[in-house]
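The values are calculated or read from the model by the stated rules, or taken from the named source; none is laboratory data. Since this is a predicted model, take the numbers as computed values, not measurements. Cβ sites come from the backbone with ideal geometry, for glycine too, and all protein chains shown count toward neighbours.
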Amino acid sequence: MKDSELDDLLREWKPDASVPASFQRQVWHRIEAAQASSIEGRVGVWWSDLLEPFMRPRLATVAAVLVAILGAGIGYSRAEFRLSGKRQSERTGADLYWGSINPLNSSRPQTR
């Protein structure tokens with residue numbers, strides 16, 4: 001059979017099978033039953049229940065803004081901590097140097 005003959009045959013063919021009215025409902029019932037019995041299905045239901053309130057636009061926007069503010073605050077505090085640590089170490093080095101050459105410093109190590 002050539003491709004053109006097959007194409008013609010497929011164009012002429014009309015399926016005569018009928019789908020029962022409750023077919024779609026039965027399919028979804030079987031899918032839900034399979035998900036309910038599996039761990040992945042239960043976790044998925046729990047996860048969707050947890051995230052469902054955030055699907056509303058107003059609450060999702062508020063949550064996104066709060067997360068952005070929290071992230072910016074944590075980033076700023078970490079950067080400030082790192083900068084203050086560097087400045088402190090520089091001051092400590094300078095203070096140690098100054099303390100070692102200052103003749104009036106009582107904590108200066110004694111040389112023999």
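Pairs under 6 Å by beta carbon, first residue surrounded by 10 or more Cβ atoms within 10 Å (Cβ to Cβ) in the range 57-68, partner at pLDDT below 90 and of a type in the set (A, V, I, L, M, F, W, C), six or more apart or different chains?
A60/F54; A63/F54
With respect to the numbered conditions (1) surrounded by 10 or more Cβ atoms within 10 Å (Cβ to Cβ); (2) modelled with pLDDT of 80 or more; (3) under 30 Å from W28 (Cα atoms); (4) under 17 Å from the mean Cα position of the chain (by Cα), which one is the sole condition not fulfilled by G44?
Looking at each condition in turn, G44 falls short on (2).
Going residue by residue through the range 7-24, is there one that turns out to be surrounded by 10 or more Cβ atoms within 10 Å (Cβ to Cβ) and in a loop (DSSP other than H, G, I, E, B)?
no
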